[in-house]
Amino acid sequence: MLRTVLLTLLTLTIAIGGGAASVWLALGEGVGAVDVGGWTTFPDIATQDADPYSRARAARDGRLSLGHNEGLAFAAMRDSAGDALRRDCAYTVEGTMPAARLWTLYATDPQGTAVPTGTRRDNFLSSWAVLFLPDDSLAITVGTRPAPGNWLATSGSGPMRLVLTLYDTPLAGDAGLTDIVMPQVLKAGCDD
């Protein structure tokens with residue numbers, strides 16, 4: 001009798017635990033995601049074509065997404081070498097930005113809260129306030145220490161991700177996401 005009860009409890013624990021784990025993994029960064037050069041986006045998240053997992057992820061996070069033709073948000077959680085982004089490291093975001101009327105770049109913690117700068121500076125950069133190089137590319141330093149040129153200030157330690165939002169972009173209308181070139185995120189060094 002006790003053996004039957006224990007086996008039933010073990011079976012229920014495995015079934016409930018396995019089900020919860022599979023839902024957690026499905027709501028992660030996989031289903032509905034498009035990876036472009038180390039940056040991840042969910043192009044269908046605010047459309048009727050969104051899969052149930054993307055809808056559940058949006059509901060869980062409580063975020064409002066841009067409409068299908070309003071723009072796209074890309075997130076980078078790893079640098080170009082594949083290492084996880086950390087707030088106590090400095091990075092250079094370099095290259096050209098995809099076509100957009102306006103773009104913004106900011107750092108968040110893993111839960112999506114903007115990382116404070118620790119200074120009086122804004123916690124984001126936009127295409128209207130950066131210095132472009134002569135070939136229309138750019139280089140943005142992301143880190144805790146001031147840097148010449150374009151500097152996105154961060155503070156603290158722990159994991160982070162970079163969010164690049166493109167507003168009023170032709171990419172929002174399914175115009176070949178996999179064919180675009182995204183800027184690289186290169187590690188410049190870490191505080192030790």
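The values are calculated or read from the model by the stated rules, or taken from the named source; none is laboratory data. Note that the coordinates shown come from a computational prediction; the quantities given were computed from them, not determined experimentally. Positions of Cβ are generated from backbone atoms using ideal geometry, with glycine treated the same way; all protein chains shown enter the neighbour counts. In case anyone asks, the SASA skips ligands and DNA or RNA and just uses the protein heavy atoms, side chains included. Shrake-Rupley method; radii C 1.70, N 1.55, O 1.52, S 1.80 Å.
For segment 102-135, how many residues meet the condition of being free of Cβ contacts under 8 Å to residues at least 60 places away in the same chain and either in contact with a Ser or Thr (Cβ under 6 Å, 6 or more places away or on another chain) or hydroxyl-bearing (Ser, Thr, Tyr) (or both)?
14
In segment 68-93, what residues are polar (S, T, N, Q) and at pLDDT 90 or above?
Matches in segment 68-93: 80, 92.
Go through segment 170-187 and give me each residue that's open to solvent by 60 Å² or more (accessible area, probe 1.4 Å) and at pLDDT 90 or above.
Hits for segment 170-187 are 184, 187.
From the set of residues in segment 48-67 that are assigned to a loop (DSSP other than H, G, I, E, B) and at pLDDT 65 or above, which is farthest from residue 169 (Cα to Cα)?
Per the stated criteria, the residue is 51.
Residue-wise test of (1) at pLDDT below 90; (2) buried (at least 19 other Cβ atoms within 10 Å of the Cβ).
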site	(1), (2)
111	yes, no
135	no, no
138	no, yes
146	yes, no
150	no, yes
154	no, yes
168	yes, no
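Does residue 96 satisfy the condition of being of a type in the set (Val, Ile, Thr), at pLDDT 90 or above and surrounded by fewer than 17 Cβ atoms within 10 Å (Cβ to Cβ)?
Answer is yes for this residue.
Taking interchain pairs and intrachain pairs at least six residues apart, which have beta carbon atoms under 7 angstrom, with the first residue in segment 34-50 and closer than 17 Å to residue 78 by Cβ and the second among the basic types (Lys, Arg) and modelled with pLDDT of 70 or more?
So the pair list comes out as 38/78.
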